[in-house]
1. Which of the residues belonging to the stretch A:67-78 are open to solvent by 10 Å² or more (accessible area, probe 1.4 Å), under 13 Å from A:ARG30 (Cα atoms) and in contact with a Gly (Cβ under 8 Å, 6 or more places away or on another chain)?
2. Tally the residues that are of a type in the set (Gly, Ala, Ser) and in contact with an Asp or Glu (Cβ under 6 Å, 6 or more places away or on another chain), restricting the search to the stretch A:239-274.
3. Would you point out which residue out of B:VAL12, B:VAL64 is over 27 Å from B:VAL319 (Cβ atoms) and either in contact (Cβ under 8 Å) with a residue 24 or more places away in the chain or surrounded by fewer than 22 Cβ atoms within 10 Å (Cβ to Cβ) (or both)?
4. Residues in the stretch A:270-277: is at least one surrounded by 19 or more Cβ atoms within 10 Å (Cβ to Cβ), under 21 Å from the mean Cα position of the chain (by Cα), over 27 Å from A:GLY94 (Cα atoms) and small (Gly, Ala, Ser)?
5. Out of the residues in the stretch B:6-22 meeting the condition of being modelled with pLDDT of 95 or more and among the charged types (D, E, K, R), tell me which one is nearest to the chain's Cα centre (by Cα).
6. Condition first: open to solvent by 80 Å² or more (accessible area, probe 1.4 Å) and assigned to a helix (DSSP H, G or I). Now tell me which residues in the stretch B:193-220 satisfy that.
7. Kindly indicate which of A:ARG316, A:ARG301, A:ARG285, A:ARG242 is within 11 Å of another protein chain (Cβ to nearest Cβ) and basic (Lys, Arg).
8. Considering every residue within the stretch A:267-276, establish whether at least one is under 16 Å from A:LEU149 (Cβ atoms), within 11 Å of chain B (Cβ to nearest Cβ) and of a type in the set (Val, Ile, Thr).
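The values are calculated or read from the model by the stated rules, or taken from the named source; none is laboratory data. Bear in mind that the values here come from a model prediction, so they are computed numbers and not experimental data. As a convention, Cβ positions derive from the backbone with ideal geometry for all residues, glycine included, and neighbour counts pool all protein chains shown. Heavy atoms of the whole protein, side chains included, go into the accessibility calculation; ligands, DNA and RNA do not. Shrake-Rupley method; radii C 1.70, N 1.55, O 1.52, S 1.80 Å.
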2 protein chains.
Amino acid sequence: MRALRLTDNGPVLDTDYPTPHPESGEALIRVDLAGICATDLQLLAGYKGGYRGVVGHEFVGTVVAAPNHADWIGQRVAGELNIGCGECHLCRRGLDKHCRQRQSLGIIRRDGAFADFLTLPIANLHPLPHHLPDEHAVFVEPLAAALQLLEQCHVHQGQRVYVLGDGRLGLLVAQVLARTGCHLTALGRTPAKLGILAMRNIPTARTDDQEQMTQLLAHPADLVVEVTGSPDGFDLARRLVRPGGVLALKSTFANPLPAFDISSLVVDEITLVGSRCGPFAPAIRLLAEGAVVVDPLIHARFGLDNGIAALDYAARRGVLKVLIEP
Amino acid sequence: MRALRLTDNGPVLDTDYPTPHPESGEALIRVDLAGICATDLQLLAGYKGGYRGVVGHEFVGTVVAAPNHADWIGQRVAGELNIGCGECHLCRRGLDKHCRQRQSLGIIRRDGAFADFLTLPIANLHPLPHHLPDEHAVFVEPLAAALQLLEQCHVHQGQRVYVLGDGRLGLLVAQVLARTGCHLTALGRTPAKLGILAMRNIPTARTDDQEQMTQLLAHPADLVVEVTGSPDGFDLARRLVRPGGVLALKSTFANPLPAFDISSLVVDEITLVGSRCGPFAPAIRLLAEGAVVVDPLIHARFGLDNGIAALDYAARRGVLKVLIEP
């Protein structure tokens, strides 16, 4: 099969990569559509310097084989990426996404979705409603990550909330938070991206607009969500949160932040919440309801044969979601 | 009056410092007993490099004058240290302890407790039960700081909890957490200090005992409370918390921590909780009930005339609470 692999020499498109073989309890899935995520680009840029294999973890697919689970064959699915060992103290308490021996689709020791086929355990699969198009369903995984915030923080309508970052994930986070009825402002640098939110009646502000920033800094928020993944973004987010407030981190940082004054978190009683993968079921529901808009986030669509070009394009400044179609 | 002042040349004992004058709404309080806190020692060591004035914020005293509040005269009190402006957005939502214009007794622009007298707003005062001796009541403020953890984190009996640090505050934090019924282990370096907790049936472990530490690291906790205030302590605390767990910080760090991998908080979904001053009422109640033991924490008692020696002694390694009696 075709597969976009990360090698010691960078990404390579193989045309005769071995089609994976589903073990018992797993499904062989034909990838119908996949999305490029910032994590993929970080992996390519040497993030964690270790992963070698097929990249990609956001996908929609169709089950084509499932030993002992024939009823799944033909089912269109989204799939959770983490596969725990099932036996450690973390897996046994339902924290398999944090299992120290885990595989993660396209990230840790498990071939991913930029290929004709992939395998995943049946337990990782979520059937998709028929009327949910592939172009929306491919956002299930990043939308679930955005929704994870609501699993970790009690966001409510009395709160002032700032989302910092107008990238792929930031635009989903802002839409998810807007639904809580909180007093939300989305901050970013790109009028076109902020415009997607403004059309949804979400107030926005430009981080390069001194006047707007002065006003926001004078009214620090109860909750700030950092989705830029840049040290500057972290610094600004820290200044935008009120004493006793919550600073949620949705992005990893490619490099460790410079020396950081942790004492200020103590003095100001800030709570810092690290947040990663989230629940698929509500993400599927929201997309099926059309409650979260994703069409304007799709900036390009490439065939798998042009996968390398797709990765290059996705890495360009200002580009939102790029899809790969096998 | 006598007052132990921090000057450009270090601490100085004045014998003719002007007795403060209570404004309307304030009380003039005779200090009966005061306690030396790590914050005092950090101020002396140049912490925040700014405070000049009378040091000390842990005290028991008696109201000797109170314009328009004569009913308070003769009342024995503990006093909260923060005085907000009363008008900013933080004060108006009850966050006066975080007011950006606040005074803090003996810490920010407000003469403190290592003196014959101090003044505080009546609103900051808490009457003390008659049967609560001064030697216990002087622990109200640090015990309130320990209790603040329970205001910020839901600690319950299903949780594994580690308290890291067997100093003044750590020993109070461990006792407070033990009351929740959680599965607690207190970690420290000093057998004599850990022994105070062991006598209260609180399990303890030595951080310099390789075997014990290996075992604890293999069973990371749901909640770790960092009370060492050292970079090594922070690093160990981080390693002791499970993915998805909470790392509470009760200590300020004299220097910024070295470059810190914030991404690991995101990947492991760690919540970091900065925690400072806490509620006086439950602290008074617990001390009055004898539910928290403080006698073994008192290592020395000095007259105010020997206040400089008291500060020197309190700064020695291994010394717990040092009291100053005017």
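1. A:ARG76
2. Within the stretch A:239-274, the subset of a type in the set (Gly, Ala, Ser) is A:244-245, A:248, A:251, A:254, A:259, A:263-264, A:274.
Next cut, in contact with an Asp or Glu (Cβ under 6 Å, 6 or more places away or on another chain) only: A:244-245, A:274.
Summing the residues that are of a type in the set (Gly, Ala, Ser) and in contact with an Asp or Glu (Cβ under 6 Å, 6 or more places away or on another chain) in the stretch A:239-274 gives 3.
3. Answer to the check: B:VAL64.
4. no
5. B:ASP14
6. Listed by number, the residues that qualify are B:GLN210, B:GLU211, B:THR214, B:GLN215.
7. A:ARG242
8. Within the stretch A:267-276, one or more residues are under 16 Å from A:LEU149 (Cβ atoms), within 11 Å of chain B (Cβ to nearest Cβ) and of a type in the set (Val, Ile, Thr).
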